[in-house]
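Report on the following structure.
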Amino acid sequence: LVVLADKDARELLGTQGFFAPDLRIEREPGPPRPRLVVTVDPGAQARVAGVEINFEGDIATSEDPDAVAQRRAIVADWGLPTGQGFTQGRWDASKAGANRALLARRYPAGRISYSVADVDASTNEARLGLKLDSGALFRLGTLQVTGMERYDPVLVPRLARLPVGMVYDQEKIVQAQLRLAASGYFDSAFIYVDPESDPA
């Protein structure tokens, strides 16, 4: 139990950025039962000493102004910048936020291809690395309508207003879905983009 308590306490403290704690575990006799008392001096919390965000796929080399702006925004909006205290929760949330920003426009098949948090417990510094793979640029193809029974399927593209060839934009797709739902023709309407399909 002493060994497990030490291990569990260190792992828990590590998730909060304390990688060099001073732990003292003592066994106290009962009654009614013996117990372990863990005294913790967490020490200094690790700070982010550097962040490196890289890209691969279309977004890495595209000179399209929208792609350049998206790339810059992902870096500028990074949630765990240099100088902040490192925690596992902030690290996970920052990675998820960067990935959401990648997926929101142009690249619905994007993903995190590499991430590392290199912590030096002797200096209480964490160096973070992230690489986002955008995959290919996606443009919308022809709408494929299913589930229409009472109305002409041509009604859907007219209401959705998502032209063929438009660069994928999650917000515009949500707006199109809301237009369909608010039109009064449908009980519900869902627009789904298949990221496994041909991006062209």
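Throughout, read-outs are computed from the coordinates displayed, never taken from laboratory work. Quantities reported herein were computed from a predicted structural model and do not represent experimental measurements. Glycine also receives a Cβ, built like all others from the backbone with ideal geometry; neighbour counts cover every protein chain displayed.
Under the definition of Cα pairs under 8 Å and six or more residues apart, what whole-number percent is the relative contact order of segment 104-200?
Numbers: 118 pairs, mean separation 28.8, N = 97.
Relative contact order here is 30 percent.
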On full extension of the chain, what length is gained from ASN54 through THR82, given 0.36 nm per residue of separation minus the C-alpha to C-alpha distance? 8.5 nm
Determine, at each q value in 0.12 (inverse angstroms), the log₁₀ of I(q)/I(0) that the Debye formula gives when each Cα of the chain is one equal point scatterer. -0.76
Convex hull over the alpha-carbon atoms of segment 1-91: what's its volume per residue in Å³? 125
J(HN,Hα) series, segment 8-25, from Karplus relation 6.51 cos²θ - 1.76 cosθ + 1.60, nearest Hz, glycine and proline x: 5, 5, 5, 5, 5, 5, x, 5, 9, x, 9, 9, 9, x, 9, 10, 10, 10
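Could you order the peptides 23-33, 131-141, 71-81 from most to least packed, using the average number of other C-beta atoms within 10 Å per residue? Write out the running numbers ahead of the final one.
On the way: 23-33: 9.0, 131-141: 19.8, 71-81: 15.2.
Those peptides, ordered most packed to least, come out 131-141, 71-81, 23-33.
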Roughly how tilted is helix 65-76, in degrees to the nearest 10 and between 0 and 90, from the longest Cα axis of the chain? 20
So, in nm, how far is label VAL174 from label GLU11 when the simple model puts each one 7 Å beyond its Cα toward the Cβ? 3.6
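Set the Förster radius R0 to 22 Å, insert the Cβ-Cβ distance between VAL164 and SER113 as r into 1/(1 + (r/R0)^6), and round the FRET efficiency to 0.05.
Details: r = 30 Å, r/R0 = 1.37.
Once the sixth-power term is evaluated, E becomes 0.15.
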Taking amide H positions as placed in the peptide plane 1.01 Å from N, state which residues far from PHE55 in sequence (5 or more) or on other chains have amide H under 5 Å from it. LEU132
